[in-house]
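Undergrad: One structure coming up, written as structure tokens, with questions to follow.
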Amino acid sequence: MTFSAATARAGPPLTLRVHGDRLVTIDQARLPFEVIELGLRDASDCAHAIVTMQVRGAPLIGAVAGFGLALALRAAADDTALDAALERLAATRPTAVNLRWALERVRARVRPLPVDARAAAAWDEAVAIADEDVAINAAIGVHGAALLRGVAARRAAAGRPVDAAAPLQVLTHCNAGRLATVAHGTALAPIYALHAAGVPLHVWVDETRPRNQGASLTAWELADAGVPCTVIADNAGGLLMREGRVDAVIVGCDRVARNGDVANKIGTYLKALAARDSGVPFWVACPTPTVDRSLADGAAIPIEYRDPREVTHALGRGADGTPAELRLVPDGVAALNPAFDVTPARLVDALITEHGPCAASETGLGTLPPFAACG
């Protein structure tokens, strides 16, 4: 299954697709109560969608940024315009490395070309990035499913076979499903693969405050796919692990440093600590474009701080069905809103890449080809 129009008619649902001269995706800020399509016609639309998190998820914002640069070059494609458009899009969100990686890849493709050939070449490169994302995530699903089958086998050997009455129990944090990618998802790709194969499983979905990507997005797409799931408060995961009610934790990532440290949605670090203390495998679904070999360790990963209003207020649906925003804290009380944290490599049992699992270490990552597409 690929992104390109010739083959997009079959396979998993695409979060991003081309319709005429624009991109079409789901407005994730409207989920789970409304499923509204969002049209992106130019670079400004793409930048706004990324900043406002109408489009989110490291692989998806990389793909959208790549198309955004291609759209910008339709208006002006000289070197000055190219560099300015790239920097404008790169400034939208700082933590996910896929964003700048995709932009730099498109620029490298078009820089040697005549100005009048750049827009078409940039569009072709953006399509290639999207195609590769679909293939990468499908491969992560295969490799992650194999790891989960290993957990099921160990359960069976211990006298606790996986069946409909006792499904495989997986916990995930934030949203690393198809909504965060062009298709399949990263952390959810193994879950979808096992579900399609008929393996009984159940997903514990962290709500993921303050934007509730788990409760609003992961729960929505799992339910849409028919995968049994239960939303839990962010602080409930440790108790469930201690009680033996979690077989594995799989999360996504926004940037992985050269030593294997992982930046992901705020709260991931606490899940990794609880998993290690409880003897539960903690795996990170990691497309190789998310590895930033220029950073030695997680201390160098820039952490995005977002509007404190996301903490002090919550958006939901009122009794009459209309959207409503509620204040959660007393007037005058300050709030801090870091969007990501860093999980040390020592707490990560494996990085699940499109080439297979590897150790979360410089040595482990060194065995992988850099940013290779998966066929």
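Undergrad: Counting each pair of different Cα atoms once, what's the Kirkwood radius of the stretch 249-332 in Å, rounded to one decimal?
TA: About 15.7 Å, per the Kirkwood formula over Cα pairs.
Undergrad: Using only the alpha carbons of the stretch 97-181, what is the convex hull's orientation-averaged projected area in square nanometres? Walk me through the numbers before you get to the answer.
TA: Values: hull surface 30.5 nm².
Answer in nm², one decimal: 7.6.
Undergrad: In the chain, what % of DSSP beta bridges are antiparallel (nearest 5)? Let's see the in-between values first.
TA: Values: 24 of 43 bridges.
Beta bridges within the chain, antiparallel portion: roughly 55 percent.
Undergrad: Among 219-227, 17-25, what's the highest-first ranking by average C-beta atoms within 10 angstrom per residue?
TA: 219-227, 17-25
Undergrad: Over what distance in Å are the Cα centres of the stretch 190-215 and the stretch 330-360 separated?
TA: Between the Cα centres of the stretch 190-215 and the stretch 330-360 lies a distance of 17 Å.
Undergrad: Please work out how much length the chain gains when fully extended from residue 42 to residue 367, using 0.36 nm per residue of separation minus the C-alpha to C-alpha distance, in nm with one decimal.
TA: 113.1 nm
Undergrad: Please work out whether the stretch 9-106 counts as rounded, prolate or oblate from its C-alpha gyration tensor, where a ≥ b ≥ c are the square roots of the eigenvalues and a/c under 1.5 means rounded, while otherwise a/b larger than b/c means prolate and anything else oblate?
TA: Judged from the Cα gyration tensor, the stretch 9-106 comes out prolate (a/c at least 1.5, a/b above b/c).
Undergrad: Among 355, 321, 52, which residue has its Cα positioned farthest towards the positive end of the charge dipole of the chain, with +1 placed on the Cβ of Lys and Arg, -1 on the Cβ of Asp and Glu, and the dipole taken about the Cα centre?
TA: Farthest along the dipole direction, towards plus: 355.
Undergrad: Also, I was wondering about something else. Per residue, what volume in Å³ does the Cα convex hull of the stretch 193-237 take up?
TA: 61 Å³
Undergrad: Out of these labelled values of log10 I(q)/I(0) by the Debye sum over Cα atoms at q = 0.08, 0.09 Å⁻¹, (1) -0.38, -0.49; (2) -0.55, -0.68; (3) -0.60, -0.70, which was calculated from the coordinates shown here?
TA: Given (1) -0.38, -0.49; (2) -0.55, -0.68; (3) -0.60, -0.70, the structure-derived one carries the label (1).
Undergrad: Give, in nm to one decimal, the length gained when the segment between residue 117 and residue 346 is fully stretched (0.36 nm per residue of separation minus the Cα-Cα distance). List each step's numbers first, then the result.
TA: Working: separation 229, 0.36 × 229 = 82.44 nm, distance 4.72 nm.
So the chain would gain 77.7 nm between residue 117 and residue 346.
Undergrad: A further question on this structure: Where in the stretch 285-300 does the amide nitrogen come within less than 13 Å of the point 7 Å from the Cα of residue 104, taken along Cα to Cβ?
TA: 289-296
Undergrad: Now, a different point. Carbon and sulfur together cover what percent of the accessible area of the stretch 1-145 at a 1.4 Å probe radius?
TA: Using a 1.4 Å probe with all protein chains present, the stretch 1-145 comes out at 56 percent carbon and sulfur.
Undergrad: First measure r as the distance between the Cβ atoms of residue 146 and residue 33, then evaluate 1/(1 + (r/R0)^6) with R0 = 35 Å and state the FRET efficiency to the nearest 0.05. Walk me through the numbers on the way to the answer.
TA: On the way: r = 36 Å, r/R0 = 1.04.
FRET efficiency, residue 146 to residue 33: 0.45.
The values are calculated or read from the model by the stated rules, or taken from the named source; none is laboratory data. Quick caveat: nothing in here was measured; it's all calculated off a predicted structure. Backbone-built Cβ (ideal geometry, glycine too); neighbour counts: all protein chains shown. Calculation scope for accessible area: heavy atoms of the full protein, side chains included, ligands and nucleic acids excluded. Shrake-Rupley method; radii C 1.70, N 1.55, O 1.52, S 1.80 Å.
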